[in-house]
Amino acid sequence: MEEPCLSTQLIDGDGVFNVSGLETFLKEVKLAECGLSYAVVSIMGPQSSGKSTLLNHLFRTNFREMDAFRGRSQTTKGIWMAHAKNIEPCTLVMDLEGTDGRERGEDDTAFEKQSALFALAVSDIVLINMWCHDIGREQAANKPLLKTVFQVMMRLFSPRKTTMLFVIRDKSKTPLENLEPILREDIQKIWDGVPKPHAHKETPLSDFFNVQVVALNSYEEKEELFKEQVSSLRDRFQHSIAPGGLAGDRRGVVPASGFSFSSQHFWKVIKENKDLDLPAHKVMVATVRCEEIGNEKLASFTADEEWQQFEEAVQSDYVPGFGKHISSLLDRCLSEYDMEAIYFDEGVRTSKRQQLESKLLQLVNPAYQSLLGHLRARTLEAFKDSFEKALEKDGFAVAARDSVRIFLEKFDKGSEDATIEQVNWDSSKVRDKLKRDIEAHVVSVRAAKLSELCAGYEGKLTKALAEPVEALLDSASEETWPAIRKLLQRETKAAVSGLESAISTFELDEATEKELLSRLENHGRGVVESKAKEEAARVLIRMKDRFSMLFSRDADSMPRVWTGKEDIKAITKTARSASMKLLSTMAAIRLDEDGDNIDNTLSLALVDAARPGTTDRSIQSLDPLASSSWERVPEERTLISPVQCKSLWRQFKAETEYTVTQAIAAQEANKRNNNWLPPPWALAAMAVLGFNEFMTLLRNPFYLAVMFVIFLVGKALWVQLDIANEFRNGFLPALLSLSTKFVPTIMNILKRLADAGAEPPAPQREMELQPTRNSSNSNATSAGSSSVISSENGPEYSSPIAQ
């Protein structure tokens, strides 16, 4: 079944443009797919001249035709448009309202001019329908129409050359060869009579129109012949836009996709009674349509599922192949734009393409920047891991240099992979930031490694110095500080040598390396100084310990026993001198070999000033310790100021005075214990005066036995009561203590005698051994209960300090 013809009213009788109807019509015709391969044919002529009938037979359209039986009247109102069937290329046919219609009257010619100008602006071919009998007549019906056409033609700036096909209706017997010259002459007269702008005063008609003439027989009288002639004419419309075809100049043709907008704009300008600038109109249509196409492609790209997936993916991580895929999407989008906008003005098309490309790149740029950000972060993290592993194999400088080079190259490859072909975006800023981050990490790792190395060697140096320095300071002699200096120099040299070798792989500049080594040397001095300050804070305790050791122990480090023969004053002086030497040693830090007189100053002020012979008031008035600093000793090297030394010495003497007093008391007690017998002269007097009594005892054995028993009892009491030790504490305390223990001791002795008498007699062997055991037990008891120490010079007593 044959498809129905598509048609619509383009402009109604009141001049209203049917926008929605045209859009629908063009979509059904699929004109947008034609590009420039389409043609527009319009027909003008007097009312009821058979224009619609001609178009229906010529293009197989379905325009409304006049019903001759109902009288001659206006059939077509406004402008109608239809699609020519089976004509290539796509051809649109416009049927214009007839002229000279009584419905509009003689004076209402505005719509005629407007529709004529619209037809000339839009059409490639304009059919002028005229009666054969009007040719050569002065008052022909077509003259007003031609005047109208020529007048409105002047309102087109730079008009294109339009084909004007005159269709002579109801041809007579006069041959066309005779009619055509007459018609052209009439047309030329009309053209010459039309007022023209100054620029076109001398312009011939042929510059504006391609005039062609065709004659048709009467439709009513010779219908079959009419149809044959129309069929022949139809063939001329096949491929009308091809070179040599019926259509004229197509310079101002608007691409099919812009036809609707172009037509609307033409009619708007015509209705506003403005002149039409076809080139400007072409540019304007191209501008609007290209922008519309660009917006459509931008929206299509934005809604593209593949782009959305890429856009979402790059928000979280680096996407390999981003540049290649996005370039493909952009190329596809731009290619689609090029295909749809190819027929529009080249300058406008190119400009709008650049705008579209710019918008697309603006849309893609955030994703590109995000991708580079992820690439930078990923490269930085990979660098950190690789750099740590490289440090285990190579030196720091080599590992850093190689790792930086490798990962910057990786970033370059990644950024190259992300490069979009349509634009030359510069990734150098991101690369520079990555380089700065990598260098910052290298610097931080280097600082950490150097800090770790320095801390390690500082720890070793501290361990090598702390305890030896403490021991040397504790010994406090003239060789203490020289020994410390020697120790510090040796250990520092070893540590500096080790650190210098360790940091050689860092390839540091000379100033930095020198600073690190100097810092280690200063650390060694700091350890010594810190230890010296610690010992200086405990100097009083050290002095008392040294005094106690020298005062309470002899040269063999044995506890000293005060027998009365020791020179306590000399021992005290020696111990205090040693303590003063310790104070002198701890008074200042002597890591440099600069001499000082601290030892002499302290000796003069503390030891020599205490001598009995030093009574000169002038010497005493000049106190060398009445100062806050030592002579030739900087303040920063001072540990104990002269004033502090004086205060410490006063405290030291006060706290050691008790020890000396105790020693003196012990010595005096020892002397008293050794001198409790009568003097020799008393013993001699007793021997002379008691000679007779002594001889009496010798002559009487009983008295001697009694005396022997008394001696034994006294000896037992002496041992049991420990009388010798009791009297060491003084005479009165000894009497009080002995008075409390005398009676219990007597009772104990008597009890033991009673128990011994009650025992049965033992065998002879036991009788022989018993005295030996008793003698041993007695001796052991005596030894255990007595604290008397035998010596060649008599009994001795231990010092309370020693005990």
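The values are calculated or read from the model by the stated rules, or taken from the named source; none is laboratory data. What you are looking at is a predicted structure, and each value in this text was computed from that prediction instead of being measured. So basically every Cβ, Gly included, is an ideal-geometry build from the backbone, and we count neighbours across all protein chains shown. Protein only, heavy atoms only, side chains kept; ligands, DNA and RNA dropped before computing areas. Shrake-Rupley method; radii C 1.70, N 1.55, O 1.52, S 1.80 Å.
Any lysines with Cα under 27 Å of the residue 147 Cα? List them, leaving off those in the same chain fewer than 8 positions away.
Leaving aside lysines fewer than 8 places away in the same chain, those within reach of residue 147 are 51, 77, 113, 161, 171, 189, 196, 201, 268, 271, 274, 282.
Near the amide H of residue 419, under 5 Å away, which other amide H atoms are found, from residues 5 or more places off or on another chain, if H is placed in the peptide plane?
Result for residue 419 returns 323.
Place a +1 charge on the Cβ of each Lys and Arg in the chain and a -1 charge on the Cβ of each Asp and Glu, then give the dipole magnitude about the Cα centre in debye, rounded to the nearest 20. Show your work: numbers first, answer last.
Values: 99 positive and 116 negative charges, 619 e Å.
It comes to approximately 2980 debye.
Taking all pairs of distinct Cα atoms, average 1/r, flip it, and tell me the Kirkwood hydrodynamic radius of region 700-746 in Å to one decimal place. Before the final figure, lay out the partial values.
Values: mean 1/r = 0.0853 Å⁻¹.
It works out to 11.7 Å.
Ordering 433, 222, 751 by accessible area with a probe of 1.4 Å, largest first, what comes out? Could you put the intermediate results ahead of the total?
Values: 433 85, 222 105, 751 130 Å².
From most exposed to least exposed: 751, 222, 433.
Averaged over all directions, how much area does the convex hull of the C-alpha atoms of the chain cover when projected, in nm²? Provide the component values of the computation, followed by the final result.
Details: hull surface 353.3 nm².
Spelled out: convex hull of the Cα atoms, projected over all directions, averaged, 88.3 nm².
Taking amide H positions as placed in the peptide plane 1.01 Å from N, state which residues far from residue 394 in sequence (5 or more) or on other chains have amide H under 5 Å from it.
Correct list: empty.
Quick check: Cα centre of region 285-362 to Cα centre of region 416-470, how many Å?
So the two Cα centres are separated by 44 Å.
With a 1.4 Å probe and all protein chains left in place, how much accessible area per residue does region 356-437 have, in Å²?
Details: 4450 Å² over 82 residues.
Accessible surface, normalised per residue, equals 54 Å².
In the chain, carbon and sulfur make up what percent of the accessible area (probe 1.4 Å)?
Working: 23490 of 44360 Å².
Result for the chain: 53 percent of the exposed heavy-atom area is carbon or sulfur.
Per residue Cα convex hull volume for region 458-519, in cubic angstrom? Kindly include the intermediate steps, with their values, before the conclusion.
On the way: hull volume 4.4 nm³, N = 62.
Cα-based convex hull of region 458-519, divided per residue, equals 71 Å³.
Run the reach check for residue 573 against aspartates and glutamates, Cα to Cα strictly under 20 Å, same-chain hits fewer than 8 apart removed. What comes back?
474, 478, 545, 554, 556, 599, 608, 655, 657, 668
When the C-alpha atoms of region 416-529 are aligned to their principal axes, what extent does each axis show, in angstrom, from largest down?
That works out to 87, 21, 17 Å along the principal axes.
Mind checking Rg over Rh on region 268-349, alpha carbons, Kirkwood formula for Rh? Let's see the in-between values first.
On the way: Rg = 18.5 Å, Rh = 15.2 Å.
In region 268-349, Rg relative to Rh is 1.22.
Write down the radius of gyration of region 347-408 and its Dmax, each obtained from C-alpha positions, in Å.
Cα only, region 347-408: 20.4, 64 Å (Rg, Dmax).
With each pseudo-label sitting 7 Å past Cα toward Cβ, what's the residue 33-residue 306 distance in nm, one decimal?
Result: 2.4 nm between the two label points.
If the chain between residue 264 and residue 398 were fully stretched, how many nm would it gain, using 0.36 nm times the residue separation less the Cα-Cα distance? Please report the intermediate quantities before stating the final value.
Details: separation 134, 0.36 × 134 = 48.24 nm, distance 7.48 nm.
The residue 264-residue 398 span can extend by a further 40.8 nm.
Less than 18 Å from a label point 7 Å out along the Cα-to-Cβ axis of residue 384: which backbone N atoms in region 299-328 qualify, by residue?
Answer for this model: 317-318.
Label-point separation (nm) for residue 422 and residue 436, each offset 7 Å from Cα along Cα-to-Cβ?
The answer from the label model is 3.1 nm.
Against the globular-protein guess of 2.2 N^0.38 Å, express the Cα radius of gyration of region 198-293 as a ratio, rounded to two decimals. Spell out each step's value before the answer.
On the way: Rg = 18.6 Å, N = 96, 2.2 N^0.38 = 12.5 Å.
Relative to the 2.2 N^0.38 Å estimate, region 198-293 comes out at 1.49.
Got a sec to turn the phi values of region 395-402 into Karplus ³J(HN,Hα) couplings, 6.51 cos²θ - 1.76 cosθ + 1.60 with θ = phi - 60°, whole Hz, x for Gly and Pro?
Along region 395-402, the couplings run x, 4, 4, 5, 4, 5, 4, 5 Hz.
Looking at region 188-251, what % of the alpha carbon pairs are farther apart than 12 Å? Walk me through the intermediate numbers first.
Details: 1558 of 2016 pairs.
Distances greater than 12 Å cover 77 percent of the Cα pairs.
Calculate one ³J(HN,Hα) per residue across region 250-267 by plugging θ = phi - 60° into the Karplus curve 6.51 cos²θ - 1.76 cosθ + 1.60, and present them in order as whole Hz with x for glycine and proline.
Values per residue, Gly and Pro as x: 10, 5, x, 5, 9, x, 4, 5, x, 5, 5, 5, 4, 5, 4, 5, 4, 5 Hz.
Near the amide H of residue 166, under 5 Å away, which other amide H atoms are found, from residues 5 or more places off or on another chain, if H is placed in the peptide plane?
Those lying under 5 Å, H to H, from residue 166 are 128, 212, 213, 214.
Across region 330-346, in residue order, what do the Karplus-derived ³J(HN,Hα) couplings come to in whole Hz, using 6.51 cos²θ - 1.76 cosθ + 1.60 with θ = phi - 60° and x for Gly and Pro?
5, 5, 5, 5, 5, 5, 5, 4, 4, 5, 7, 9, 4, 8, 7, 3, 4
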